[in-house]
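Data block below; observations after.
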Amino acid sequence: MKTSNKFFNFLTLLMAAVPAVVLISIIVFVVYYSIPSIKYNGISFFTTYLWNPGFQFQAPIIRHGVPAPAGSSFGLDLFLLGTLSTSALAIFIAFPVSFLVSLNVELYLPARIKKFVVSMIELFAGIPSVVYGLWGIIVLEPLLFNNIEPWMAQHLSFIPGFKGEIYSGAGLIASGIILSFMITPIVTSVIVNSFDTVPKEVKDGLFSLGATKWEVGKYLITRYSRASTVGGTLLGIGRALGETMAVLMVSGAVTNVLPSNLYSATNTMAAAIASLLDSAFTDSTGMNLAALAELAMVLMLIALAASVIGRKIAGRGALRGYESD
Amino acid sequence: MEEKSVEKVEKVIEIEKLKIKTKNKVILDRVDLNIFRNNVNTIVGPSGSGKSTLLRSLNRLLEMDPAMEVTGDILFEKRNIRDFDPVELRREIGLVFQKPNPFPMSVYDNVAFGLRIQGKKLKREEMDKVIVQALEDADLYEELGGNLKQMGTSLSGGQQQRLCIARALVLRPKVLMLDEPTSALDPIAKGKIVDLIRSLKQKYTVVLVTHDMNLTRKVSDYTNLIYDGKFVAKGTGTEFFESKIEEVKDFLSEAD
């Protein structure tokens with residue numbers, strides 16, 4: 001009995017350590033593989049946008065002590081810009097939708113339907129991203145290309161970035177919309193859950209003072225669920241930053257051409273890693289792979305930061321400032 | 001307590017054949033009772049007898065819960081409450097809950113809350129005046145020594161309860177409903193609420209739900225017993241306690 005108990009304790013401890021070990025080993029791996037790229041590119045990795053794999057059939061050059069294909073240069077600015085802009089657009093769409101859906105779920109729907117709607121939202125989060133991507137290519141891109149973007153270019157051209165040539169429908173807008181579909185369930189469920197933690201007495205108190213549902217919702221969001229709302233949004237951003245497949249399918253996956261307007265093709269760090277990996281393996285110097293590893297490292301840092309901050313804020317509790325007794 | 005003739009006093013709320021049930025359970029059945037103006041109308045009964053549910057039906061808070069089915073009529077100043085806008089009705093019939101529920105903001109903002117959501121644009125001095133008045137009516141102003149900036153949630157239980165009363169009073173309701181206002185309080189805080197209830201009836205109609213028979217003896221003008229979901233008996237102050245009705249005698253012996 002005692003031995004089995006000891007064994008069980010050891011097993012749980014071991015299992016508890018697994019996530020930390022895995023996370024640390026991934027970080028070590030990514031940093032280790034990045035080292036040649038960090039040496040070779042230096043600061044220019046962050047200050048340039050050209051991603052040139054170099055001439056792999058010429059003799060490699062050596063710079064700062066590391067070999068690389070002749071003529072190669074690696075800068076992440078285009079991918080970083082694409083990542084940030086698609087995520088920003090996604091959250092710009094997803095936040096108001098999540099906000100209104102959660103208010104509706106919380107205050108207007110009967111309990112039975114509420115359960116159904118919440119489980120539907122959670123189901124949405126489970127759709128594989130490749131399915132979103134396929135839908136994006138077949139339905140969204142033609143719609144953007146034929147209808148929406150021409151209309152925007154014609155009627156909203158007074159806004160900077162809205163004027164100019166339309167490409168194929170693939171690009172920033174398509175990526176932002178697809179990403180917003182993917183993160184809306186996350187943001188919504190965090191806000192809905194935070195509403196459930198508001199003491200019933202507070203809601204009753206608000207209604208008893210003659211507050212309308214809208215006023216109650218506004219109050220809950222601004223007073224009780226502010227932390228969760230911000231946290232949930234950051235979690236959503238974390239998801240959007242790292243999303244790969246769907247964005248790869250609808251972004252246009254461009255390299256070396258900076259976007260000229262809102263309709264331009266774009267690319268993100270995650271999608272670039274996936275799409276450039278294949279050719280990177282043909283580089284005998286390993287520099288292309290190292291550059292992708294450095295890209296992955298930066299992406300991981302940004303996404304981890306968003307996720308950690310999001311969790312911290314969301315977990316700080318909706319009840320801050322309220323002691324019930 | 002002086003005897004009163006029930007018929008001569010004006011009825012503010014008339015409840016007729018009220019029945020409240022969920023799918024599986026009848027909570028209240030055939031409740032007929034009246035609430036009289038500028039009196040303390042007490043509803044007593046054992047825990048779980050449906051008293052709080054009754055209060056929540058009077059300001060239509062109950063209908064927020066779709067599981068509750070309400071039949072029968074409730075008239076507020078001769079008009080069926082179903083014909084009121086619920087938001088409007090809740091401003092006329094204030095409700096203070098058993099568990100004090102101040103909002104996490106200053107005392108001042110707590111009291112001002114109801115006025116602000118009504119969109120009342122008062123000048124700063126006017127606002128100050130009505131807020132001080134409400135806190136005085138709730139017998140809290142002096143105790144706070146004029147410090148209205150402190151958090152409502154940092155007050156003691158009894159003070160929080162009176163803050164919640166002030167928050168309801170500032171809207172000048174015609175009826176103030178108090179749901180077990182003393183159950184969470186220590187004896188001193190209780191004493192203050194007793195004095196407060198007595199003074200409140202000068203300006204307001206008070207509906208008091210309690211199972212505290214000491215409190216009832218001290219403040220009640222009209223006492224109604226709800227027993228096992230049914231309205232059983234009513235009586236003026238002393239009348240009720242001398243009732244020959246079996247359930248009343250049972251309840252009083254259990255309660256004391």
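The values are calculated or read from the model by the stated rules, or taken from the named source; none is laboratory data. Just so you know, these numbers come straight off a predicted model, no measurement behind them. Here the Cβ is made from the backbone with ideal geometry for all residues, glycine too, and neighbour counts use every protein chain on show. Heads up: the accessible areas ignore ligands, DNA and RNA and are worked out on the full protein's heavy atoms, side chains in. Shrake-Rupley method; radii C 1.70, N 1.55, O 1.52, S 1.80 Å.
Just checking, how many residues over the range A:222-258 are more than 14 Å from chain B (Cβ to nearest Cβ), part of a helix (DSSP H, G or I) and either open to solvent by less than 40 Å² (accessible area, probe 1.4 Å) or among the hydrophobic types (A, V, I, L, M, F, W, C) (or both)?
Selection size over the range A:222-258: 20.
Failed condition for B:Val44, given (1) at the interface with chain A (Cβ under 10 Å from one of its Cβ atoms); (2) in contact with a Lys or Arg (Cβ under 9 Å, 6 or more places away or on another chain); (3) under 23 Å from B:Val206 (Cα atoms); (4) hydrophobic (A, V, I, L, M, F, W, C), with all others met?
Condition not satisfied by B:Val44: (1).
Would you please list the contacts, defined by Cβ atoms under 7 Å and residues six or more apart or on different chains, that run from a residue in the range A:132-151 that is small (Gly, Ala, Ser) to a residue that is open to solvent by 70 Å² or more (accessible area, probe 1.4 Å)?
What qualifies is A:Gly133/A:Met245.
Can you name the residue in the range A:194-221 that is among the small types (Gly, Ala, Ser) and facing chain B (nearest Cβ under 10 Å) and, of all such residues, is farthest from B:Leu169 (Cα to Cα)? Step through it out loud before you land on a result.
First, pick out the residues of the range A:194-221 that are among the small types (Gly, Ala, Ser): A:194, A:205, A:208, A:210-211, A:217.
The next check asks that each one be facing chain B (nearest Cβ under 10 Å); those that pass are A:205, A:208, A:210-211.
Numbers: A:Gly205: 13, A:Ser208: 12, A:Gly210: 12, A:Ala211: 15 Å.
Step by step, filter the range A:194-221, then rank; the result is A:Ala211.
Looking at A:Asn261, A:Asn256, can you tell me which residue is within 21 Å of A:Ala90 (Cβ to Cβ) and touching a Phe, Trp or Tyr at 6+ places or on another chain (Cβ under 8 Å)?
On the way: A:Asn256 fails: within 21 Å of A:Ala90 (Cβ to Cβ).
Matching residue, one of A:Asn261, A:Asn256: A:Asn261.
Tell me, yes or no, whether the range A:137-155 has at least one residue that is more than 24 Å from the chain's Cα centre (by Cα) and of a type in the set (Gly, Ala, Ser).
There is at least one residue in the range A:137-155 that is more than 24 Å from the chain's Cα centre (by Cα) and of a type in the set (Gly, Ala, Ser).
Look through B:Leu28, B:Leu62, B:Leu54 and report the one residue that is open to solvent by less than 70 Å² (accessible area, probe 1.4 Å), within 17 Å of B:Glu92 (Cα to Cα) and touching a Ser or Thr at 6+ places or on another chain (Cβ under 9 Å). Outline the logic, then answer.
Working: B:Leu28 fails: within 17 Å of B:Glu92 (Cα to Cα); B:Leu54 fails: touching a Ser or Thr at 6+ places or on another chain (Cβ under 9 Å).
Residue meeting the stated conditions: B:Leu62.
Looking at the range A:188-200, can you tell me whether even one residue there is of a type outside the set (A, V, I, L, M, F, W, C) and in contact with a Pro (Cβ under 9 Å, 6 or more places away or on another chain)?
Going residue by residue through the range A:188-200, those that are of a type outside the set (A, V, I, L, M, F, W, C) are A:188-189, A:193-194, A:196-197, A:199-200.
If we keep only those that are in contact with a Pro (Cβ under 9 Å, 6 or more places away or on another chain) too, we end up with none.
For the range A:188-200, residues of a type outside the set (A, V, I, L, M, F, W, C) and in contact with a Pro (Cβ under 9 Å, 6 or more places away or on another chain): absent.
Being within 14 Å of chain A (Cβ to nearest Cβ), assigned to a loop (DSSP other than H, G, I, E, B) and modelled with pLDDT of 90 or more is true for just one of B:Pro173, B:Pro181. Which residue is that?
Working: B:Pro181 fails: modelled with pLDDT of 90 or more.
After applying the criteria, what remains is B:Pro173.
So which helices (runs of 4 or more DSSP H) stay within the range B:64-147 end to end and still have 2 or more residues that are of a type outside the set (A, V, I, L, M) and facing chain A (nearest Cβ under 9 Å)?
Numbers: elements: B:86-92, B:107-117, B:124-137.
The qualifying helices (runs of 4 or more DSSP H) are B:86-92, B:107-117.
Okay, residues lined up against (1) open to solvent by less than 40 Å² (accessible area, probe 1.4 Å); (2) within 14 Å of chain B (Cβ to nearest Cβ); (3) modelled with pLDDT under 90:
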{"residue": "A:Ser73", "(1), (2), (3)": "no, no, no"}
{"residue": "A:Leu78", "(1), (2), (3)": "yes, no, no"}
{"residue": "A:Gly82", "(1), (2), (3)": "yes, no, no"}
{"residue": "A:Ser87", "(1), (2), (3)": "yes, no, no"}
{"residue": "A:Val101", "(1), (2), (3)": "no, no, yes"}
{"residue": "A:Leu109", "(1), (2), (3)": "no, yes, yes"}
{"residue": "A:Ile113", "(1), (2), (3)": "no, yes, yes"}
{"residue": "A:Leu123", "(1), (2), (3)": "no, no, yes"}
{"residue": "A:Ile138", "(1), (2), (3)": "no, no, no"}
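Any residue at all in the range B:187-200 that's among the hydroxyl-bearing types (Ser, Thr, Tyr) and either in contact with a Phe, Trp or Tyr (Cβ under 7 Å, 6 or more places away or on another chain) or within 28 Å of B:Gly72 (Cα to Cα) (or both)? Break it down into steps so the answer makes sense when it comes.
Just the residues of the range B:187-200 that are among the hydroxyl-bearing types (Ser, Thr, Tyr), to begin with: B:199.
Imposing the further condition that a residue be either in contact with a Phe, Trp or Tyr (Cβ under 7 Å, 6 or more places away or on another chain) or within 28 Å of B:Gly72 (Cα to Cα) (or both) reduces the set to none.
Scanning the range B:187-200 turns up no residue that is among the hydroxyl-bearing types (Ser, Thr, Tyr) and either in contact with a Phe, Trp or Tyr (Cβ under 7 Å, 6 or more places away or on another chain) or within 28 Å of B:Gly72 (Cα to Cα) (or both).
Of A:Gly205, A:Gly231, A:Gly217, which residue is small (Gly, Ala, Ser), in contact with a strand residue (DSSP E or B) (Cβ under 9 Å, 6 or more places away or on another chain) and closer than 30 Å to B:Asp109 by Cβ? Show your work before the answer.
Details: A:Gly231 fails: in contact with a strand residue (DSSP E or B) (Cβ under 9 Å, 6 or more places away or on another chain); A:Gly217 fails: in contact with a strand residue (DSSP E or B) (Cβ under 9 Å, 6 or more places away or on another chain).
Residue meeting the stated conditions: A:Gly205.
Here is a check on your reading of the model: is B:Lys23 within 14 Å of chain A (Cβ to nearest Cβ), modelled with pLDDT under 90, open to solvent by 70 Å² or more (accessible area, probe 1.4 Å) and over 20 Å from the mean Cα position of the chain (by Cα)?
Numbers: within 14 Å of chain A (Cβ to nearest Cβ): yes; modelled with pLDDT under 90: yes; open to solvent by 70 Å² or more (accessible area, probe 1.4 Å): yes; over 20 Å from the mean Cα position of the chain (by Cα): yes.
It is true that B:Lys23 is within 14 Å of chain A (Cβ to nearest Cβ), modelled with pLDDT under 90, open to solvent by 70 Å² or more (accessible area, probe 1.4 Å) and over 20 Å from the mean Cα position of the chain (by Cα).
With at pLDDT below 85, buried (at least 16 other Cβ atoms within 10 Å of the Cβ) and in contact with a Ser or Thr (Cβ under 8 Å, 6 or more places away or on another chain) as the only criterion, which of B:Phe240, B:Phe251 stands out? I'd like the intermediate steps shown before the answer.
Numbers: B:Phe251 fails: in contact with a Ser or Thr (Cβ under 8 Å, 6 or more places away or on another chain).
Going through B:Phe240, B:Phe251 in turn, just one is at pLDDT below 85, buried (at least 16 other Cβ atoms within 10 Å of the Cβ) and in contact with a Ser or Thr (Cβ under 8 Å, 6 or more places away or on another chain): B:Phe240.
Quick check on my filter: what residues within the range A:149-166 are open to solvent by 90 Å² or more (accessible area, probe 1.4 Å) and hydrophobic (A, V, I, L, M, F, W, C)?
A:Trp151, A:Phe158
For the range A:263-291, name all the residues that are under 19 Å from A:Ala246 (Cα atoms), assigned to a helix (DSSP H, G or I) and out of contact with any strand residue (DSSP E or B) (no Cβ under 9 Å at 6 or more places or on another chain). Give the derivation first.
Pass one, the range A:263-291, residues under 19 Å from A:Ala246 (Cα atoms): A:263-278.
Next, only the ones that are assigned to a helix (DSSP H, G or I) stay: A:269-278.
Answer for the range A:263-291, where residues must be under 19 Å from A:Ala246 (Cα atoms), assigned to a helix (DSSP H, G or I) and out of contact with any strand residue (DSSP E or B) (no Cβ under 9 Å at 6 or more places or on another chain): A:Met269, A:Ala270, A:Ala271, A:Ile273, A:Ala274, A:Ser275, A:Leu277, A:Asp278.
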